[in-house]
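Asker: The following block contains the structure, expressed as structure tokens.
None of the figures in this text is laboratory data; all of them are computed from the coordinates on show. Nothing here was measured: the structure is a model prediction, and the numbers come from that model. Note that each Cβ is placed from the backbone with ideal geometry, even for glycine, and that neighbours are counted across all protein chains shown.
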Amino acid sequence: MTNESTRPYFSEREVRCCGFRIRRSQVMRTKICMAFLLCLLPVLCLAQDLQPFSARVSVSVSANEKMKGLIESYISSELQSLGGIVVTDVSPRWVLSIVALEPETKDGLKMGITLSTVVLEPFDNRYVVSLVSPKSKEVVSSFTSGLYRYSDHLIHAGASRHLKTMCETIVANFDSNHIKPIKASWQSYIDTMQPRMNQAIRP
């Protein structure tokens, strides 16, 4: 007769599961595999989040129709050349609000172009809304929508023929003062976390 203490951990007796006859050892192995996958799930989810830097930028231009089209085209092209930037009005991280003026003398002589650029950061109210009761969500959402943080203000002036150069300068300043610091911080985070993740998922 087999001593109880000498019984193998994986019993070979058969059981029925969902109409199929399987061994207890198979059941145990399945449970262990599922537990292992559940432990890996947070790491795998984090791995999906460690993507290269990407941000959304909205471009709003106030000017006459001809100049508005040119400025939007120049600014959008320069932003996209930075890499990782999506120009869109949907959930932007930054808004470039540009006002273009053409000063004139009393005689109607145009004195070039002045571009006033304000950098705004829309307030993401999703966390605030999640904190209140369901019956208050609509009211809180209404009060906290359309809020912005004033981040920067730039003034550029020059001749009409230099409009493209002024737009390039606007984007270069925006990149240096806002995009690059965030991009560098994100890359530093990836560089720190990636080795740990690789070690955690290594078989």
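Asker: Please give me, ordered by residue number, the trypsin sites (Lys or Arg not before Pro) of the range 96-161 that lie in loop per DSSP and have at most 14 other Cβ atoms within 10 Å.
Answerer: Lys106
Asker: Right, something else. With a 10 Å Cβ neighbour count serving as the proxy for reagent exposure, in which order, fewest first, do Thr144, Thr117, Thr105 appear?
Answerer: By the 10 Å Cβ count, ascending, the order reads Thr105, Thr144, Thr117.
Asker: Quickly work out the Ser142-to-Met193 label distance, labels modelled 7 Å from Cα along the C-beta direction, and quote it in nm with one decimal.
Answerer: 3.8 nm
Asker: While we're looking at this one, here's another question. Residue-wise, which Karplus ³J(HN,Hα) couplings in Hz belong to the range 182-188, taking 6.51 cos²θ - 1.76 cosθ + 1.60, θ = phi - 60°, and x for glycine or proline?
Answerer: Once θ is set to phi - 60°, the couplings for the range 182-188 become 5, 4, 5, 5, 5, 5, 5 Hz.
Asker: How high is the relative contact order of the range 80-196, given as a whole-number percent (alpha carbon pairs under 8 Å, six or more residues apart)?
Answerer: 21 percent
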